[in-house]
Amino acid sequence: LMTRHYNFCAGPAALPTKVLERAREEMLDYHGRGLSVMEMSHRSPEYTAIATQAEQDLRELLAVPGNYRVLFSQGGASMQFAMLPYNLLGAGGTPNFLNTGIWSKKAIAEARHLFGAHVAGASEANGLTEVPRQEEIRLSDDAAYLHYTANETIGGLEFDYIPETSVPVACDMSSSILSGPLDVSRFGVIYAGAQKNIGPAGLVVVIVRDDLLDRARPDTPTMFNYRSAAEQGSMVNTPATYSWYLAGLVFDWLKHDIGGLEAMGAINTRKAAKLYAAIDASELYSNPIAPRNRSRMNVPFVLADERLNQSFLEEADAAGLLNLKGHRSVGGMRASLYNAVPEEGVDALIAFMADFEKRRG
Ligand code: PMP
């Protein structure tokens, strides 16, 4: 019998066991068609049904308004750092950004490299522990749109509000999409790499408001163009068919096994609250983020004595608690608590941390 450990990886991240079991069941012979989803033409009726159902379920989960298009794109969230400016700068202007950490910095660097960028608010003065407040945002006079990173996966810093501006808001939701209910109508563009809360790597979901499909620069490469993707059902070329199918299974799991995003959000809030409470109550562990901006998905923490890091990680791994090492750029630990990490996994982590502290603290 196989044992599934608790996987706290930041991405590619844990997938629901039920989803993997269903993929296994359907692997060799999809619904009696005698072939696997991986081997299907993306134009076949079977695959078209899979793709359409996935989009429908995602729309239903997020209550996506009718005037938004849902695209199943590729190239990682990082490719959106370039696609966004190409698609939104047709009428000129400068992309504006909130800089809250490593991922927003990467988006800024790519926009600057291509067409320019203005930083309209930043968290550097507070050591990336708090996001800029609404009243601190200063758009440039020629702002074309405002980009921000809803959840900084490495820093564990999450927005507690949606910025309100005179220009369209574009948001990198890679590590927080589907973690709870969302008001899509507040955004011009939402994008998210799949490998955290959506499915396997190789897929990026883009949700874009209809009226923004007319703003692409004339030199936009065909494969970058949101309008082309929207008009051709995200099949300008061969899409990431298997990742799209698996994302569909995850959406189905969220709908039917979890009961939607309200229910998912409540579970996620509980999971994060108990882990932060355990960290705050301990002498050994600490997290520096301002309480209002503590991420529900990625919980970084450090040990008061760094010399204990290696044994912490080794003992955690031996206890079936995987991938707790922090990002190489910041060190320490990080527990990612995405949707597929069950509450019992968080309980097991908290119990392990308390026991480790008692033995070493
Ligand atoms: N943005 C955020 C917030 C991320 O967490 C990541 C990946 N960890 C990326 C962008 C980059 O994603 P990708 O590797 O899919 O390009």
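Computed from the coordinates by the stated procedures, all read-outs in this text should not be read as laboratory data. Keep in mind that this is a model prediction, so the values were computed, not measured. Reconstructed Cβ throughout: ideal geometry from the backbone, glycine too, with neighbour counts over all protein chains shown.
Below is a table of values for the structure above.
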quantity	calculated
Rh by Kirkwood over Cα pairs, then Stokes-Einstein D for region 260-360 at 1.002 mPa s and 20 °C, µm²/s	155
Mean residue ellipticity (222 nm) of the chain, computed from DSSP H runs ≥ 4 via -39,500 (n - 2.57), nearest 500	-11000 deg cm²/dmol
Residue order, fewest to most beta carbons within 10 Å, for M38, M333	M38, M333
Added length on full extension, which subtracts the Cα-Cα distance from 0.36 nm per residue, Y161 to T269	37.3 nm
E343 versus E231: modelled label distance in nm, points set 7 Å from Cα along the beta carbon direction	4.9
Kirkwood estimate for region 21-115, i.e. one over the average of 1/r between Cα atoms, Å	16.8
Choice from Q310, Q74, Q53 showing the highest fluctuation, given a GNM over the chain with Cα pairs closer than 10 Å	Q310
Where labels lie 7 Å past Cα in the beta-carbon direction, separation of S44 and L114 in nm	3.5
Gain upon complete extension [T238, A319; 0.36 nm per residue less C-alpha separation]	25.0 nm
Globularity ratio of region 19-258, using Cα Rg and 2.2 N^0.38 Å	1.03
Cβ-based exposure ranking for R292, R334, R22, in which fewest neighbours within 10 Å come first	R292, R22, R334
Region 19-258, dipole about Cα centre (Lys/Arg Cβ +1, Asp/Glu Cβ -1), debye to the nearest 20	440
Sequence of E124, E315 once ranked by neighbouring C-beta atoms within 10 Å, starting from the fewest	E124, E315
Dipole of the chain, positive end: most advanced residue of G320, T17, M297 [Cβ charges, Cα centre]	G320
Region 296-335 and region 182-248: distance between their alpha carbon centers, rounded to Å	34
Spacing of the two label points (7 Å from each Cα toward its C-beta) at K18 and V184, in nm	2.2
Highest-first arrangement of 335-345, 80-90, where packing means the average Cβ count within 10 Å	80-90, 335-345
Calculated FRET efficiency for the pair R138/L28, C-beta based, R₀ 45 Å, to 0.05	0.20
